[in-house]
Structure formats: structure tokens, C-alpha cells
Amino acid sequence: MAVRIQPIMQRVIFSCVKKILVLGALLLAAVWFTALVWVWYGDIRITRRPVGSIEAADSAVVLSTKAYRQGKLNPCLVSRVEAGVALWRAGKVKRLVMSGGINRDFHYGSKTMKMLAERMGVPAEAIVLESESADTYQNIVYSTASVKHDRSVVLVSSGFHLRRASWLAARQWPDKHIQVFAGSYCYSNVGFYLYDLIRETGAILKNGLLNRY
């Protein structure tokens with residue numbers, strides 16, 4: 001009898017473990033999907049904010065992304081610069097802090113953004129470069145010196161990116177009033193957009209686990 005019971009118990013245990021793993025995977029997928037939808041909704045909501053909704057501030061910190069995509073200027077980098085320049089033209093900020101080090105395409109995000117901003121009419125003396133950062137956390141940390149005397153700062157990036165950026169900034173700059181302003185929708189390929197949303201969802205969770213907020 002004992003010989004027969006043992007295989008039965010093994011099958012029962014295996015079945016239970018399998019069900020637990022499947023349920024765990026489904027729960028994880030549900031949590032991830034919910035987070036992804038939340039990031040997407042935040043992107044839509046933040047991107048719709050007009051320039052007029054932003055209060056006057058000392059500086060705008062423009063966060064870089066990949067400078068080039070498929071051999072051409074990345075439309076999303078251009079969009080972020082356009083948003084920063086729009087704030088400057090409207091008199092909302094006095095300076096633009098271009099934050100971004102060298103990318104995987106071997107171009108400095110900050111220097112590329114400065115070039116674009118100057119083409120759009122912003123004088124060089126109104127632009128500050130931060131050219132060491134390699135990710136959003138470093139964007140904020142390494143921009144601290146450039147905004148240390150500022151009381152208010154506007155973070156400029158893509159809409160889906162700004163929640164995480166603002167949480168990181170609130171932790172690093174607790175004495176500053178922080179606002180966010182997004183560039184316009186910049187994707188011609190939905191696949192690139194979905195990839196960036198998924199990547200951002202993972203980055204939000206990662207930085208939370210690292211206790212950076």
C-alpha cells in the first residue's frame with residue numbers, strides 16, 4: 001500500500017506546485033499589464049498639458065534619449081527639445097539644462113539637444129550642458145549642480161517618462177518646486193512606442209526596488 005501511495009502523493013504535490021506556478025505567472029502578468037496601462041494613461045494625460053499650464057520657473061531640465069534612430073535624428077529627442085524651447089520662448093524658464101551623456105549611438109544627447117535648441121533660436125548663454133549621465137537617475141543626480149540655486153524646475157521629456165523622472169527629482173531636490181512638461185507624440189512606428197512603454201514600466205519597478213523615490 002505504501003508503495004502505491006507514494007507515487008500518488010508525488011503526482012498530487014506536482015499538480016499543486018504546477019497550479020501555484022501558473023497562478024503566480026498569471027498574477028504577475030496581470031500586475032505588469034495594469035502597470036503598463038497606467039504608464040500609457042499617464043503619457044496621454046501629461047502630454048496634453050499646454051505651455052500655459054506651467055508656472056514660471058528658473059530652469060527647465062531637458063532629459064535626453066537616444067540621439068539618432070535608424071540613421072536619422074530621433075524624433076523623440078527633437079520633440080523634447082521643442083518642448084523645452086517652447087517653455088523658453090513663452091518666458092516660463094530662463095535656462096535650459098540639457099542632460100544626457102554619450103548614447104549607444106556614440107552621440108552626446110546633451111550636445112545634440114544644444115545644437116537643436118540653438119537652431120530654434122535659443123542663445124548659447126541660455127543653455128547649460130550636463131554630459132555625464134547614462135540613465136534617468138543620473139540625469140537628475142548629475143543635473144543637481146546646474147540647478148542648485150533654483151527654487152523651481154520644470155522637467156521636460158516624453159510624457160510616459162515624466163512620472164518616474166519627477167519621483168526621482170523629488171527625492172534628490174526636496175527643496176525645489178518641480179513641474180513636468182512633455183514633448184508631443186513622436187512615434188511613427190507603434191512598435192517603438194510599445195517597446196518604450198514596456199521598458200518604462202520595468203524601469204519604474206526597478207527604481208522602486210532600489211529605493212530611489
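Tallying residues that are under 19 Å from Leu28 (Cα atoms) and of a type in the set (Asp, Glu) within region 181-213 yields 1. A residue that is in contact with a Gly (Cβ under 8 Å, 6 or more places away or on another chain), assigned to a strand (DSSP E or B) and small (Gly, Ala, Ser) occurs nowhere in region 69-79. Could you tell me which numbered condition Ile178 fails, if it satisfies all but one of (1) aliphatic (A, V, I, L, M); (2) more than 17 Å from Ser99 (Cα to Cα); (3) free of Cβ contacts under 8 Å to residues at least 40 places away in the same chain? Going through (1) aliphatic (A, V, I, L, M); (2) more than 17 Å from Ser99 (Cα to Cα); (3) free of Cβ contacts under 8 Å to residues at least 40 places away in the same chain one by one, Ile178 breaks only (2). For region 66-114, a tally of residues being among the β-branched types (Val, Ile, Thr) and under 19 Å from Thr144 (Cα atoms) returns 3. Among the residues in region 23-37, are any outside any helix (DSSP H, G or I) and within 17 Å of the chain's Cα centre (by Cα)? Scanning region 23-37, I find no residue that is outside any helix (DSSP H, G or I) and within 17 Å of the chain's Cα centre (by Cα), so the answer is no. The combined condition, being touching a Lys or Arg at 6+ places or on another chain (Cβ under 8 Å), over 23 Å from Gly42 (Cβ atoms) and either in contact (Cβ under 8 Å) with a residue 24 or more places away in the chain or surrounded by fewer than 22 Cβ atoms within 10 Å (Cβ to Cβ) (or both), is not fulfilled by Met120. Within the bounds of region 91-99, is there any residue that is surrounded by fewer than 16 Cβ atoms within 10 Å (Cβ to Cβ), of a type outside the set (D, E, K, R) and under 20 Å from Ala56 (Cβ atoms)? Checking region 91-99: at least one residue is surrounded by fewer than 16 Cβ atoms within 10 Å (Cβ to Cβ), of a type outside the set (D, E, K, R) and under 20 Å from Ala56 (Cβ atoms).
Throughout, read-outs are computed from the coordinates displayed, never taken from laboratory work. None of these values were measured; they are calculated from a predicted model. Counting neighbours? That spans all protein chains shown, and the Cβs are built from the backbone with ideal geometry, glycine included.
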